[in-house]
Amino acid sequence: MSLRYRDAREDDADGVAEIANCYVLPQDMSVGSMRDLVQDRTMKIAVEEDENEGDEIVGYVSYRVVDETVVVQHVCVVPEYRDTDVPERLVSFPSEFADDEGLRTRVAVGEGSWFTGFLPQEGFEEQGKARFAGETLRMFER
């Protein structure tokens, strides 16, 4: 078994929607909606490769540029991989892109998300809270 990181493709929508619906989203996102997200945003995925059981998506990050900021819109890592380098590596994709372009990086995560403890370790500073779709989000920026 080994991990690799790559750009998401339309045929990854099922796997990405499955982990998003299990670990992040308060309501189920359809595979069609996730396919649209894959098409409309930059999305990187972490894949655990296993010759016997096939490939499994274990995390993803999607982001886009809004004005002078790279906005991370979705980030998810399955619990078994949160203590590995997967979260750091996934967050590095939008951060490195932002650094290369001279932009800021902004991440909004649910108030109770485990990412609220992870992001400060990666150089993000909390910028306050916001409400979206009835949920309180904590805003981080670097």
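The values are calculated or read from the model by the stated rules, or taken from the named source; none is laboratory data. Predicted, not measured: the structure shown is a model, and the values here were computed from it. Virtual Cβ from ideal backbone geometry, glycine too; neighbours counted across all protein chains shown.
Tabulated data for the structure shown
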| item | result |
| --- | --- |
| Residues (surrounded by 15 or more Cβ atoms within 10 Å (Cβ to Cβ), in a helix (DSSP H, G or I) and out of contact with any Lys or Arg (no Cβ under 8 Å at 6 or more places or on another chain)) located in the stretch 88-105 | 89, 91, 92, 94, 97 |
| Verdict on residue 64 being touching a Ser or Thr at 6+ places or on another chain (Cβ under 7 Å) and over 21 Å from residue 17 (Cβ atoms) | no |
| Wholly enclosed strands (runs of 3 or more DSSP E) of the stretch 38-81 bearing at least 3 residues surrounded by fewer than 22 Cβ atoms within 10 Å (Cβ to Cβ) and of a type in the set (Val, Ile, Thr) | 56-66 |
| Cβ-Cβ under 9 Å pairs, at least 6 apart or on other chains, the stretch 118-130 side at negative phi and in a loop (DSSP other than H, G, I, E, B), far side surrounded by 12 or more Cβ atoms within 10 Å (Cβ to Cβ) and of a type outside the set (A, V, I, L, M) | 124/95; 124/105; 124/106; 124/118; 124/140; 124/141; 124/142 |
| Among (1) closer than 21 Å to residue 18 by Cβ; (2) surrounded by 11 or more Cβ atoms within 10 Å (Cβ to Cβ), the one test that residue 108 misses | (1) |
| Residues satisfying the stated conditions in the stretch 103-142, i.e. of a type in the set (Asp, Glu), modelled with pLDDT of 90 or more and in contact with a strand residue (DSSP E or B) (Cβ under 8 Å, 6 or more places away or on another chain) | 125, 126, 141 |
| Matching option when the condition is without any contact (Cβ under 8 Å) to a residue 40 or more places away in the chain and within 20 Å of residue 137 (Cβ to Cβ), among 55, 67 | 67 |
| Residue ID - farthest from residue 134 (Cα to Cα), chosen from residues in the stretch 16-49 that are more than 13 Å from the chain's Cα centre (by Cα) and modelled with pLDDT of 90 or more | 48 |
| Qualifying residue in the stretch 99-118 (condition: farther than 18 Å from residue 41 by Cβ and among the basic types (Lys, Arg)) | no |
| Some residue of the stretch 115-124 being polar (S, T, N, Q), exposed (fewer than 15 other Cβ atoms within 10 Å of the Cβ) and more than 30 Å from residue 2 (Cβ to Cβ) | no |
